[in-house]
Amino acid sequence: MLWFCTPRLKEQGEGVFWRKVIKRSVLIFIIGLFLNWYPFIRWHEGSLEFIGWVNQHNSEKGVRIFGVLQRIAVCYFFASVIAFYLKPKAAWFFSMALLLAYWAICLLGNPTDPYSLEGWIGTDLDKIILHIPHMYKERALLLIRKDC
């Protein structure tokens, strides 16, 4: 899809391209963030309370920063830049090189189980950058439900 829009954007210039891509990426990211945060209030012990960035009652829970839409926004941004600045064949080779580098990093990070939630190298990076309240934790709940 990006290849169809790229020639028109190139005619309009880099300034128009950057404004459109940044605006669209930020909008998608913010929509995803607010969907993860929704509802913004809840009924707790007889009164309404605002749901904060980190849960007041459980510091392990909070608003998930990188949900699906947020990740789509980041990928859209980088894919747009690649499609705008590289020719299709060069973009394909660049994408393959990125994919191979990603696989190598995952395998070097944990050769025994590189693609599990616990073994993936990105989980450690998320803990450092995002902190535990803002990470995906649903898998632990699914494991508990299966054991019941």
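The values are calculated or read from the model by the stated rules, or taken from the named source; none is laboratory data. Since we're looking at a predicted model, the values are computed, not measured. These area figures cover heavy atoms from the full protein model, side chains too; ligands, DNA and RNA do not enter into them. Shrake-Rupley method; radii C 1.70, N 1.55, O 1.52, S 1.80 Å.
With (1) modelled with pLDDT of 80 or more; (2) open to solvent by less than 60 Å² (accessible area, probe 1.4 Å); (3) outside any helix (DSSP H, G or I) as the list, and F84 as the residue in question, which single condition is left unmet?
Unmet for F84, out of (1) modelled with pLDDT of 80 or more; (2) open to solvent by less than 60 Å² (accessible area, probe 1.4 Å); (3) outside any helix (DSSP H, G or I): (3).
State yes or no: is K127 assigned to a helix (DSSP H, G or I), of a type in the set (K, R) and modelled with pLDDT under 90?
yes
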